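Have a look at the structure below, then the notes.
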Amino acid sequence: MHSNGQHKKMQEKSSGKTLQLERYLMALPKAELHVHMEGSIPPSLLLRLAERNRLKLPFSSASQCRKLYAYRSFKDFSNMLLLGVYCLRRPVDFYDVILEMGEGMALHNIRYAEITWTPQFYLNRGCALTEILGSMNEARSILATRSGLEIRWIPDIVRSRPQPASAIAEWAASKESRDAGVVALGLGGPETGYPAGNFASQFSYARQCGLPANPHAGEGAGAASIWHTIEQLKPARIGHGVSAIDDQELVAYLVREALPLEVCPTSNVRLGVCKSYDSHPLKRLIDAGCVVTINTDDPVLFQTSLTNEYAVAIRECGLAPDDIKDAILNALRVSYLPDSEKIRMTGSFTATFEELDNLFLT
């Protein structure tokens, strides 16, 4: 039995180790591949956008807004996401969101990000998608100069709203959009009842134009949805994909084909995809040999950060610091950056990892 003094010393030692680990994870250079613009708008900015655009919100302060992040259902979460969509009315709004989002990323030492956004939400806002993207690129340019953060764009199609899909695919795959930083075509929204095959022609067209498929699958539905998405869309990466763990043949396929998964632990737990962090398949997927990246999905709506996702992965999911570094390097390797940039950033990241290991882990 420990005396009170011994117990206090053990607590202090444990607390010191936790703090050391958090500092280490914060300092790591990072890359993020699965993060939605619409789920990254802080309450204070939502309030400013609503005031600018003369819109009413169901809250009048940031603290009231944060109370709405306690979701009882996917619909609660979806409603919060759509509040962000509701407030984005003109190009300057998108500029403000990307600037604030990027500044938050830079605080966590994120050096490269592929940001997903949903253009079809904004087709009737009185401005062209090209104008919106131009405004986002103004913020992107400022962020690159200020903090060295590099950003690319993944516009996505919503499974349950198929009408604009062809127009979005054609716009995203145009040379103008690709020259403006669009690197893939995404697919989001509810899986059940809305199979990926409904959009095979749009993704085939985009692929022929040089734009890879980057769909969500295996989040709201099972392994069969992932198989179907692979067969129909020939994806370069899978968003989420965690239900693959229920099908060993699928896991073997993912390993054999080195088809990367964009895993978002907190999102999966908060939305009930996984019951808890310790039952999350993250470690089992890594141990099986899958190419795994770790991401936030909707950091503001899930009250998380990439640093926090790494901490949770270690504390709750059983990963080691080396697994985190592997996931970061995986993200660079499977990103849509040109090979020369991948090599440059990988060299820079690896050198920094070594310095940080010597500083924090030895």
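Taking the range 288-313 as the region of interest, how many residues are assigned to a helix (DSSP H, G or I) and open to solvent by 30 Å² or more (accessible area, probe 1.4 Å)?
Initial filter on the range 288-313 (assigned to a helix (DSSP H, G or I)): 288, 306-313.
In the following step, the residues that additionally are open to solvent by 30 Å² or more (accessible area, probe 1.4 Å) were identified as 288, 308.
Residues flagged as assigned to a helix (DSSP H, G or I) and open to solvent by 30 Å² or more (accessible area, probe 1.4 Å) within the range 288-313 amount to 2.
Can you name the residue in the range 189-218 that is open to solvent by less than 40 Å² (accessible area, probe 1.4 Å) and at pLDDT below 95 and is also nearest to the chain's Cα centre (by Cα) among such residues?
Filtering first and then ranking leaves 218.
Which one of the conditions (1) surrounded by fewer than 20 Cβ atoms within 10 Å (Cβ to Cβ); (2) of a type in the set (Ser, Thr, Tyr); (3) under 21 Å from residue 328 (Cα atoms) does residue 253 fail to meet, given that it meets all the rest?
(3)
Looking for whichever is in a helix (DSSP H, G or I), over 21 Å from the mean Cα position of the chain (by Cα) and touching a residue at least 60 places away in the same chain (Cβ under 8 Å) here; the options are 332, 356. Which one fits?
Of 332, 356, the one residue that is in a helix (DSSP H, G or I), over 21 Å from the mean Cα position of the chain (by Cα) and touching a residue at least 60 places away in the same chain (Cβ under 8 Å) is 356.
Pick out the one residue from 52, 89, 66 that is in contact with an Asp or Glu (Cβ under 9 Å, 6 or more places away or on another chain) and open to solvent by 30 Å² or more (accessible area, probe 1.4 Å).
The match here is 52.
Limited to the range 219-250, what total is found for residues that are in a helix (DSSP H, G or I) and open to solvent by 40 Å² or more (accessible area, probe 1.4 Å)?
So in the range 219-250, the residues in a helix (DSSP H, G or I) come out as 223-233, 242-246, 248-250.
Checking which are open to solvent by 40 Å² or more (accessible area, probe 1.4 Å) leaves us with 224, 227-228, 231-232, 246, 248-249.
Adding up the residues that qualify gives 8.
Out of all the residues in the range 337-351, is one or more open to solvent by less than 20 Å² (accessible area, probe 1.4 Å), assigned to a helix (DSSP H, G or I) and either touching a residue at least 12 places away in the same chain (Cβ under 8 Å) or not hydroxyl-bearing (Ser, Thr, Tyr) (or both)?
yes
Residues 275, 283: which one is open to solvent by 40 Å² or more (accessible area, probe 1.4 Å), more than 23 Å from residue 81 (Cα to Cα) and among the basic types (Lys, Arg)? It would help to see each step written out before you state the result.
Numbers: 275 fails: more than 23 Å from residue 81 (Cα to Cα).
Answer to the selection: 283.
Limited to the range 134-152, what total is found for residues that are in contact with a helix residue (DSSP H, G or I) (Cβ under 7 Å, 6 or more places away or on another chain) and either closer than 27 Å to residue 196 by Cβ or in a loop (DSSP other than H, G, I, E, B) (or both)?
The qualifying residues number 3.
What number of residues in the range 29-45 are surrounded by 23 or more Cβ atoms within 10 Å (Cβ to Cβ) and out of contact with any strand residue (DSSP E or B) (no Cβ under 9 Å at 6 or more places or on another chain)?
The number of residues fulfilling the criteria is 1.
The values are calculated or read from the model by the stated rules, or taken from the named source; none is laboratory data. From a predicted model like this one, the values you see are computed outputs, not experimental measurements. Counting neighbours? That spans all protein chains shown, and the Cβs are built from the backbone with ideal geometry, glycine included. In case anyone asks, the SASA skips ligands and DNA or RNA and just uses the protein heavy atoms, side chains included. Shrake-Rupley method; radii C 1.70, N 1.55, O 1.52, S 1.80 Å.
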